[in-house]
Amino acid sequence: MIVYTAKRTHRRACRKQPLADARPLYIASGADTRIVLDGPALRVQREARAEQLFPLQRVSRIHSCDAAQWSSEALLACAVRGIGVLFVDERGEIVARLLGRPGLYDSLYRRLEEFMLLPQAMGMYRHWQRTFVQRAAWWTGVKLRVPETDREPALCRRAIDALAQGYVCRREEERTRQWLRTAAFGWMQSHLQDLGFGTGNELTQSGEPALARDLTEIYIWYLEPARLGWLQRRRMAARRKTEPVRAPSHAALVRLFESRATRSAARGREITGTLHRWLIHET
């Protein structure tokens, strides 16, 4: 019998410990292998072999040989937690598939609700947010060719402001940034409502954490290259026509945001998806 998990690739060491994700579980064995539920874990049993436990919160998906015997409780637990199970025969062909459906427990709202019961929850959450902001700022700095030494969030923000003020005056730069932030916040708030964060639940009413605001602080970094490119194009067009640069309008900024709706929405869902995976690991 071979029971193993896929190894994670090693990344370049960084100052802070990276967030851990769940990993796939591979089960290749004979007909005497049985998988049962043991509390919050899967127990893999085989005659004359030591049993092995795999916590469900550390499993992202499962590849199993079709000869293994699964208990119904184990399969249902995988389905509730959104863990897909793929059954493969000896030739490596797929013979069956269990599609994991995230249940009520596994929703982002429920995970966050459970996480907030921990005494150290807010400190851990703030650390996750700061880490993601740093990652997003670094990405934006690379896109805008900000020097590597200036890609820390505060320095990167000053560099972006300086670039933008090369295309418009400071007042107009600040207005376009605020307009973009408002549009981003509106999208994030609507997205969170779709995920169950309505006005009638306790987390939203308590206002702690202010999830829409906090995630928008991450989201806005991924939108900055589009704003800078738009301001630059307006400046270049005015020069070609030998005309003064007109003040940007709110309507034009909204059209820019909506023109990139598909791409920006994918970024927004990536942020909430990363938060969801982190909460699964922590709870």
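Worth pointing out:
- Selected residue (only one of 269, 235 is closer than 30 Å to residue 40 by Cβ, modelled with pLDDT of 90 or more and among the charged types (D, E, K, R)): 269
- Check on residue 269, at negative phi, part of a helix (DSSP H, G or I), surrounded by fewer than 17 Cβ atoms within 10 Å (Cβ to Cβ) and not hydrophobic (A, V, I, L, M, F, W, C): yes
- Residue in the range 4-19 that is in contact with a Ser or Thr (Cβ under 7 Å, 6 or more places away or on another chain) and at pLDDT 85 or above present: no
- Complete set of residues in the range 44-60 that are of a type outside the set (A, V, I, L, M) and either within 28 Å of the chain's Cα centre (by Cα) or not in a loop (DSSP other than H, G, I, E, B) (or both): 45, 46, 52, 54, 55, 57, 58, 60
- Inspection of the range 170-191 finds no residue satisfying the criterion of being in contact (Cβ under 8 Å) with a residue 12 or more places away in the chain and not in a helix (DSSP H, G or I).
- Flag for residue 159 being more than 24 Å from residue 265 (Cβ to Cβ) and in contact with an Asp or Glu (Cβ under 9 Å, 6 or more places away or on another chain): yes
- Residues in the range 39-51 that are surrounded by fewer than 17 Cβ atoms within 10 Å (Cβ to Cβ) and under 28 Å from residue 115 (Cβ atoms): 39, 40, 43.
- Between 110, 130, the distinction of being in a helix (DSSP H, G or I), at pLDDT 90 or above and within 29 Å of the chain's Cα centre (by Cα) belongs to 130 only.
- Contact annotation: no residue pair with Cβ atoms under 7 Å, 6 or more positions apart or on different chains, pairs a residue in the range 143-155 that is in the same structural domain as residue 218 (by TED's automatic domain parsing) with a partner that is assigned to a helix (DSSP H, G or I) and loosely packed, with under 15 Cβ neighbours inside 10 Å.
- Hits in the range 61-75 - residues which are surrounded by 14 or more Cβ atoms within 10 Å (Cβ to Cβ) and part of a helix (DSSP H, G or I): 74, 75
- Residue check for residue 145: closer than 30 Å to residue 235 by Cα and either part of a helix (DSSP H, G or I) or among the β-branched types (Val, Ile, Thr) (or both): no
- Qualifying residues in the range 231-255 (those that are closer than 13 Å to residue 177 by Cα and either in contact with a Lys or Arg (Cβ under 6 Å, 6 or more places away or on another chain) or touching a residue at least 40 places away in the same chain (Cβ under 8 Å) (or both)) - the one surrounded by the fewest Cβ atoms within 10 Å (Cβ to Cβ): 250
The values are calculated or read from the model by the stated rules, or taken from the named source; none is laboratory data. Nothing here was measured: the structure is a model prediction, and the numbers come from that model. Methodologically, a virtual Cβ is constructed for each residue, glycine included, from the backbone with ideal geometry; neighbour enumeration extends over all protein chains shown.
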